[in-house]
Amino acid sequence: MAPTGQWYGRTFAHGPRGSKQIALTFDDGPNDPHTLKLLEVLAKHNVRATFFMIGRHVRQCPDIALAVAQAGHVIGNHTFTHPRLIFKSATQTRQQLLDCRQALQDAIGEHSNLFRPPFGGRRPSTLRIVRDLGLQTIMWNVTGYDWNAPPAPVIEKKVARQMRGGDVILLHDGDDKVMGADRGQTVIATESLIRRYKDKGYEFGTVPEMMKTVSSHLSTVS
């Protein structure tokens, strides 16, 4: 479950170290109304982010999922019910991914091939199934530890302590158990983080944009 570990197969966890690139990612949505409030903040600062959505929440709020897509953000697969995949069979794992894919397809049409495992949990068989379905596993290297809704300054401080440049930041716009979870503090923290790091010359982009930078960097090095 270590987010940057590569022991069980290659995953993407961060961009070039020390770069001025940041990718904001949000898990467990769509969540009414806080995903929409987050969209307002991101639009205000002209920032595009990456959202990993739970299929059953997409079924409940397809209009919010569509609003995220129409705003230019990237949407990825976060399973249908957010189980701990390390305890699931290959058949169950595959079905979780397929059901989420279908929910996203029904709500927004074509979407990214990105996947984030719930709780970061994966094992070799998990990643084999992900690859078989044409998905890419996306992890993170910075987290705001915001799933239990601490005050915004606490979220911001925890993120700032981990930042090294080229970071993929994990935050939550929803909750894996319930719809309507209060993510107001995450919304506030997100705006503070955007202001803070834009002032320091950082650029915010989506995970696919960061992955392209990594590919270009590797090509240059080789």
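The values are calculated or read from the model by the stated rules, or taken from the named source; none is laboratory data. Note that this is a predicted model, so its numbers are computed, not measured. Here Cβ is always computed from backbone atoms with ideal geometry, including for glycine, and neighbour counts include all displayed protein chains. Heads up: the accessible areas ignore ligands, DNA and RNA and are worked out on the full protein's heavy atoms, side chains in. Shrake-Rupley method; radii C 1.70, N 1.55, O 1.52, S 1.80 Å.
One line per residue, one yes/no per condition, for (1) polar (S, T, N, Q); (2) more than 21 Å from Cys61 (Cβ to Cβ); (3) free of Cβ contacts under 8 Å to residues at least 24 places away in the same chain:
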| site | (1), (2), (3) |
| --- | --- |
| Gln162 | yes, yes, yes |
| Gly165 | no, yes, no |
| Asp173 | no, no, no |
| Met179 | no, no, no |
| Arg183 | no, no, no |
| Ser192 | yes, yes, no |
| Lys198 | no, yes, no |
| Gly201 | no, yes, no |
| Thr206 | yes, yes, no |
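Residue-by-condition table, conditions (1) of a type in the set (A, V, I, L, M, F, W, C); (2) more than 21 Å from Met139 (Cβ to Cβ); (3) open to solvent by 20 Å² or more (accessible area, probe 1.4 Å):
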{"position": "Ala23", "(1), (2), (3)": "yes, no, no"}
{"position": "Phe26", "(1), (2), (3)": "yes, no, no"}
{"position": "Gly29", "(1), (2), (3)": "no, no, no"}
{"position": "Thr35", "(1), (2), (3)": "no, yes, no"}
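Out of Asp146, Asp106, Asp99, one residue alone is assigned to a loop (DSSP other than H, G, I, E, B) and either in contact with a Phe, Trp or Tyr (Cβ under 9 Å, 6 or more places away or on another chain) or in contact (Cβ under 8 Å) with a residue 12 or more places away in the chain (or both). It is Asp146.
Considering each residue of region 149-176, count those that are among the aliphatic types (A, V, I, L, M) and part of a helix (DSSP H, G or I), and give that number. Give the steps one after another, and end with the answer.
Here is the first cut: in region 149-176, the ones among the aliphatic types (A, V, I, L, M) are 149, 152, 154-155, 159-160, 163, 168-171.
Right, trim to part of a helix (DSSP H, G or I) and you get 152, 154-155, 159-160.
Summing the residues that are among the aliphatic types (A, V, I, L, M) and part of a helix (DSSP H, G or I) in region 149-176 gives 5.
Going through (1) under 15 Å from the mean Cα position of the chain (by Cα); (2) open to solvent by 10 Å² or more (accessible area, probe 1.4 Å) one by one, Ala49 falls short only on (2).
Of the strands (runs of 3 or more DSSP E) lying entirely inside region 1-88, those containing at least 1 residues that are in contact with a helix residue (DSSP H, G or I) (Cβ under 6 Å, 6 or more places away or on another chain) and among the hydroxyl-bearing types (Ser, Thr, Tyr) are 50-53.
Pairs meeting the criteria (first residue in region 63-78 and touching a residue at least 60 places away in the same chain (Cβ under 8 Å), second residue crowded, with 16+ Cβ neighbours inside 10 Å and basic (Lys, Arg), beta carbons under 8 Å, at least 6 apart or on different chains) are His73/Arg48; Val74/Arg48; Gly76/Arg116. Just a yes or no: is a residue in region 122-137 touching a strand residue (DSSP E or B) at 6+ places or on another chain (Cβ under 9 Å), under 16 Å from Thr4 (Cβ atoms), touching a residue at least 12 places away in the same chain (Cβ under 8 Å) and open to solvent by 20 Å² or more (accessible area, probe 1.4 Å)? Yes, because at least one residue in region 122-137 is touching a strand residue (DSSP E or B) at 6+ places or on another chain (Cβ under 9 Å), under 16 Å from Thr4 (Cβ atoms), touching a residue at least 12 places away in the same chain (Cβ under 8 Å) and open to solvent by 20 Å² or more (accessible area, probe 1.4 Å). Note on region 141-180: residues that are buried (at least 18 other Cβ atoms within 10 Å of the Cβ) and among the charged types (D, E, K, R) amount to 6. Would you point out the residue of region 14-51, among those that are modelled with pLDDT of 95 or more and charged (D, E, K, R), that is farthest from Phe119 (Cα to Cα)? Among them, the one singled out is Lys44.
The set of residues in region 181-211 being open to solvent by 30 Å² or more (accessible area, probe 1.4 Å), of a type in the set (A, V, I, L, M, F, W, C) and under 17 Å from Glu156 (Cβ atoms) consists of Ile188, Phe204. Do we have Thr91 as assigned to a helix (DSSP H, G or I) and open to solvent by 20 Å² or more (accessible area, probe 1.4 Å) here? Criteria met by Thr91. When you go through Ile129, Ile188 one by one, which is the residue that is farther than 21 Å from Leu42 by Cβ, in contact with a helix residue (DSSP H, G or I) (Cβ under 9 Å, 6 or more places away or on another chain) and of a type in the set (Val, Ile, Thr)? Ile129 is the lone residue from the list that is farther than 21 Å from Leu42 by Cβ, in contact with a helix residue (DSSP H, G or I) (Cβ under 9 Å, 6 or more places away or on another chain) and of a type in the set (Val, Ile, Thr).
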